[in-house]
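Take a look at the structure set out below.
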Amino acid sequence: MSTHDESLGPEGYRVGPVEAWIEANVEGLKPPFRWTRLQGGHSNLTYRLDDAEGHSAVIRRPPQGELLPKAHDMSREWALISALGPTDVPVPAALGFCESPEVTGAWFYVMGLIDGHPLYNADDTNTYVPEPERRKMAFSFIDVLAALHSVDPDEVGLGDLGKKEDYVGRQLKTWYRSWMASIEPADFDDPRAHELQQFFLENVPDQGPARVVHGDYGVHNCLVGPDCTIAAVVDWEISTLGDPLADLAYALNQWPDPTDREPPPPEGATAPPGFPARTELAERYARQTGRDLSLLDYYVGFNRWKTAAIVHGVYARYCEGKKSTDGIDLDEMRERIGRSLDLSEEAVNRLNRAV
């Protein structure tokens, strides 16, 4: 939570210089603006701007203070919304990008305001997506991902976004390093983390042509419009090039299916009734893209394993005292690591049975 006092002005922005830059570089916006803080978005400082003539936009910059390398990468987000704007992938309009830290101490960009809402939990879903509209919304969600994975990155100027080869192999090495580094501070290890990593490394499927992978595609990073379809995809900061099926499996993991051993947590955004099953969404994606999903369980298992490694790393930082544990249920977090490995193991078992 930010402790910034909004009465002092928008956090991270020098209003005068920023408004002057926008007036000089962005058409159709006339300062002064009313600044309104928008929530979500990985702690990036995101505000809605409204001018006196009824025009609106959104401004975004990284959080203040020391940042990890590659974290909160505004230039990456800007490159993606600029390149994807003319495609079938709905993104906010790219209006202006400032690379001069003299203006406000960091790079920032201005994008179009979208009439839509992210879905963080079941309450959001019940508010913005009435039950009769939920199938339509879920199909729109999967169709947008299919559209993204149909874009040839070279053709839209995104061919240099990342390494094209061996996306899953590189991820397996990165997150295994994280797991190993977290064992001691977390005082927690699980032999399955090592066995599964070995299995995934030895059985990486042929990737096929690299596509843009969002990396965190879910209803929390989509803006659902008034017609209950996806009006825009946001939060592109960890996007790269890689295997689209890894992106698909991650996106599908948030949707329940009648075959699941346990129902989804009732507070989850996709838990309310009326949505299609996960298998139906996967079948729709296969029809839209023509991709073979016979090895989908490999990617499901890989994503569950990766989730375990991510949560393990976060848990380790709490155990070391690097993050405040106020309001954090550490036992539940530790259980979540095990549950993610359970789900990974189940996916591998399904895969082995199918072979």
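Tabulated results
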item	result
Residues of region 137-164 satisfying the condition of being charged (D, E, K, R) and more than 21 Å from the chain's Cα centre (by Cα)	Asp154, Glu155
Looking only at region 269-282, and only at residues there that are assigned to a helix (DSSP H, G or I) and in contact (Cβ under 8 Å) with a residue 24 or more places away in the chain, the one that is nearest to Pro244 (Cα to Cα)	Ala282
Residues of region 219-232 satisfying the condition of being in contact with a helix residue (DSSP H, G or I) (Cβ under 7 Å, 6 or more places away or on another chain) and not in a strand (DSSP E or B)	Val219, Cys228, Thr229
Residues of region 85-121 that turn out to be within 15 Å of Leu223 (Cα to Cα) and either aliphatic (A, V, I, L, M) or over 18 Å from the mean Cα position of the chain (by Cα) (or both), as a count	9
Pairs, first part of a loop (DSSP other than H, G, I, E, B) in region 323-334, second surrounded by 10 or more Cβ atoms within 10 Å (Cβ to Cβ), C-beta under 6 Å, six or more apart	Lys323/Arg317; Thr325/Tyr318
Hey, Ser239 among the polar types (S, T, N, Q), touching a strand residue (DSSP E or B) at 6+ places or on another chain (Cβ under 9 Å) and under 29 Å from Glu77 (Cβ atoms) or not	yes
Subset of region 75-115 [under 13 Å from Val58 (Cα atoms) and among the small types (Gly, Ala, Ser)]	Ala93, Ala94, Gly96, Gly112
Failed condition for Tyr285, given (1) touching a residue at least 24 places away in the same chain (Cβ under 8 Å); (2) hydroxyl-bearing (Ser, Thr, Tyr); (3) not in a helix (DSSP H, G or I)	(3)
Residue match in region 199-218 (condition: part of a loop (DSSP other than H, G, I, E, B), under 11 Å from Gly313 (Cα atoms) and either outside the structural domain of Met333 (by TED's automatic domain parsing) or touching a helix residue (DSSP H, G or I) at 6+ places or on another chain (Cβ under 7 Å) (or both))	no
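Yes or no, residue by residue, for (1) buried (at least 20 other Cβ atoms within 10 Å of the Cβ); (2) under 30 Å from Asn126 (Cα atoms):
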{"site": "Pro265", "(1), (2)": "no, yes"}
{"site": "Leu281", "(1), (2)": "yes, yes"}
{"site": "Gln288", "(1), (2)": "no, yes"}
{"site": "Arg317", "(1), (2)": "no, no"}
{"site": "Thr325", "(1), (2)": "no, no"}
{"site": "Glu332", "(1), (2)": "no, yes"}
{"site": "Leu341", "(1), (2)": "yes, no"}
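The values are calculated or read from the model by the stated rules, or taken from the named source; none is laboratory data. Since the model is a prediction, treat every value here as computed from it, not as a measurement. FYI the Cβ positions are ideal-geometry reconstructions off the backbone, even for glycines, and counts take in every protein chain you see.
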